[in-house]
1. Below 18 Å, Cα to Cα, which aspartates and glutamates can A:Lys318 reach? Residues fewer than 8 away in the same chain don't count.
2. May I ask you to list the residues of segment B:215-234 whose amide nitrogen lies under 18 Å from a point 7 Å from Cα along the Cα→beta-carbon direction of A:Ala230?
3. Return one number: the angle in degrees, 0 to 90 and rounded to the nearest 10, between the long axis of the Cα atoms of helix B:134-147 and the longest principal axis of the Cα atoms of chain B.
4. Would you pull out the residues with amide H under 5 Å of A:Trp320's amide H, same chain only if 5 or more places away, H placed 1.01 Å from N?
5. Dividing the alpha-carbon Rg of segment B:20-166 by 2.2 N^0.38 Å yields what?
6. HN-Hα J couplings of segment B:306-312 from phi, Karplus 6.51/-1.76/1.60, θ = phi - 60°, integer Hz, Gly and Pro as x?
7. Among the DSSP beta bridges whose two residues both lie in chain A, what percent are antiparallel, rounded to the nearest 5?
8. Pull up the DSSP beta bridges for segment B:158-263 and report the antiparallel fraction as a percent, rounded to 5.
Number of protein chains: 2
Amino acid sequence: MNRMSRVLACLCLACASSPAFSADPLPSWNEGPSKKAIVAFVDKITQQNGADFIPVEARIATFDNDGTLWAEQPLYFQVLFVFDRIRALAPQHPEWKNTEPYRSVLKGDMKGLAASGEKGILELMATTHSGMTIDEFSAIVTDWIAHARHPKTGKPYTAMVYQPMLELLAYLRQNGFKTYIVSGGGQEFMRPWVERVYGIPPEQVVGSQGELEYKMQDGHPVLVKLPKVALVDDKAGKPVGIQRFIGRRPVFAFGNSDGDRQMLEWTTAGTGPRFAGIVHHTDAKREWAYDRQSKIGTLDKALDEANQQGWAVVDMEKEWRVVFPPSR
Amino acid sequence: MNRMSRVLACLCLACASSPAFSADPLPSWNEGPSKKAIVAFVDKITQQNGADFIPVEARIATFDNDGTLWAEQPLYFQVLFVFDRIRALAPQHPEWKNTEPYRSVLKGDMKGLAASGEKGILELMATTHSGMTIDEFSAIVTDWIAHARHPKTGKPYTAMVYQPMLELLAYLRQNGFKTYIVSGGGQEFMRPWVERVYGIPPEQVVGSQGELEYKMQDGHPVLVKLPKVALVDDKAGKPVGIQRFIGRRPVFAFGNSDGDRQMLEWTTAGTGPRFAGIVHHTDAKREWAYDRQSKIGTLDKALDEANQQGWAVVDMEKEWRVVFPPSR
C-alpha cells in the first residue's frame, strides 16, 4: 500500500468506527446486558492506545448459522431442503414409494424416518447433496432459497434471519472485523445466498463439507460433489474448521447450542480480550422457546459453561426489540 | 459501511490503482511479453465501464508457492526443513542411527533415503509434522525460518523469494485483487511467515494439510496435529482446495509446474477474462534451469498446454531483471 492510500485507509477506519455516523448501531437490541457487553467490548478493543487494543488483522469474528443467524425450528432448514428435494426428485424415482427412508419422507412420516436412523439420514444427504457438480448444486440451492416457504410461518427462509444479528454483523464490520460463518450446516448449501443476506462472502463460510472430485466432462473441467464427508463442522469440528480455514483464533464468537461450545471455548481460551455470546431462544411468541430438552439446537452444557465463564447469554424475549426483519 | 467511509474507500481504491503513485509497478520485469500481458489484463479488467470489467469481490488471484514465489532447488525447502528437524531431534532418538529412513537422513545418504520410498517420506513427515499442537508447530517453523540457511546459497530461505513475484502480488492487491497461496506445501508450514514475506494473511493460505484433533490439555483447549493427511493440495487437489477454501473460481493464477496444471485449467475455463501464467526456470546462472526432466518442479504437460492455450510463460532469464530481492 502506498503512502497516500495508507493515510486514506486510516481515515476510513476512523470514520467507520466513529459514533458520529450512527447514533445507535444496534437499534433492534434493548439496552440490556448483552448489548452493553458487546458495545463495551468493541469500544475497548478499537481504542488505538488502550491496553486492550486489537489490531484490525486479528479482529476475527465467527458466527454459527442455524439458531444464531437464522431460525432452526421445527427442523434445521437444510433438512427441510432435503425433504423438498426428495419430493421434487420423486417422479424420476417411482421405486422410492416403497423404499425407506424415501417412503417416510414422501408420506411425511417423521416416526418412520426416525426409525431409519443415522444411516437413513446419510442416504438422504448423499442423494440430495452429491452426484452433481458444485455449479449444479449451487443452482439448485439458489432456486430453492428463492421459492421455498417455511412450513409454519409461510415466509421465505431468508426472511427468518435475525434482524439484531444482521445489525451486529454490520457493526462488527464497521469496526474492522472480518465476519465468518462457522456452521454445522453445509458449506455449499450456505454459499449461494449468505453474501446477499448477511454480507458474508463465500470465502468466509466454514461449514460441513463433502469430498470433491476434479475431472473433465465433455472437455470442460468440473468439480463433482462426492457422497463422502470431509469435515463435520460441529462441536469439536468447529475449532478444527476455524484453524484450517482461518488459521487464526477468533476474538469474538457467537453461537446458540452445545454444538458451539468448543468454538466458544477455543475463542475465549486465547490471550487478551475475548467475547463469547449465546443466543438463548426464550421467545415462544415471536419465535420459539427451547434449550436443554430440545433435540434441535440443544443448549445445555454450553448454557452451564456460559454462566460459569460469564459469556453473554442473549435473552431473546427480553433483549431483542424485533426478531425478524420487517417484511418488505 | 456508512456513506462517508464508502466514499473514502472509493477514494482509497482510486488512489491505489492510479499510475500517478507508481510509474512502473513491476520494475524488476523487463518489457517482455509476460509483463505486457499482465499489465494489459489488469488494465482491462479494472476499467469500470469496459466490457471486461471484473468487480472487486471477484478479483481472486491464486499463486503456487514452491518454484513460483520462492525457489525449490535442490529440494523443496519443506523437505530441507524435515531433514533439519530430524537432525535436531536425533539426540533424543539414539535408535535412529540404525533405523531407516532416519539413518539415511542423518548420514546425508539421498540414495538410501530414496530406497525407503514413499513410505519412508511419509514416516519422516509424520515424525516432524504431527504429535504437537499447532502453536508448538508454528513456533518450530518460526524458529527454523529465522535461522536456517540454504545449502547452496547460504541465504535465509525467505531471501530466496522472487522479487518480480513480490512486485506482482503487490500490484494485484493495489488493483483490488485478493491474493491467495494455493500450494502443495504444508498449510501450517507456510502460515507462520508468508504474511511478513508476501503480505498474504494466514486465512489466504491454502496448502496440503493433516487432520487436527481438538482436545483439553491441562485444562486448556489445544489443537493437535495428527499423522493423517486431510488434503494433498497438488494437481487435481488444487481446484478442490480452491473450491473448499475460497468458494469462487480465480480469475488470475500463476504456477510453475505440472502440479499447477489443473489450477490453471480450472482458472481459465471460467467465463469472462482470465489470466494464467507459468514461471519457466531458464536461468542456470542466477537461479536454476530445469523443466521437463527435473524431478523437482517438473514442467512438461503444463508447458505444452501453456503453449497451446496461450498462457503466459515467463522466461526467467530473459524477462526478470533481478531474481532475488537485494540483500538488506
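1. Correct list for A:Lys318: A:Glu31, A:Glu167, A:Asp283, A:Glu287, A:Asp291.
2. B:228-234
3. The two axes meet at around 80 degrees.
4. Answer set, sorted by chain and number: A:Asn30.
5. Rounded to two decimals, the normalised Rg is 1.47.
6. Taking θ as phi minus 60°, the curve returns 4, 5, 5, 8, x, 5, 6 Hz for segment B:306-312.
7. Percentage antiparallel, nearest 5: 40.
8. Beta bridges within segment B:158-263, antiparallel portion: roughly 75 percent.
The values are calculated or read from the model by the stated rules, or taken from the named source; none is laboratory data. Please read these numbers as outputs of a predicted model, since none were measured by experiment. Ideal geometry is used to build each Cβ from the backbone, glycine not excepted, and the neighbour counts take in all protein chains shown. Heavy atoms of the whole protein, side chains included, go into the accessibility calculation; ligands, DNA and RNA do not. Shrake-Rupley method; radii C 1.70, N 1.55, O 1.52, S 1.80 Å.
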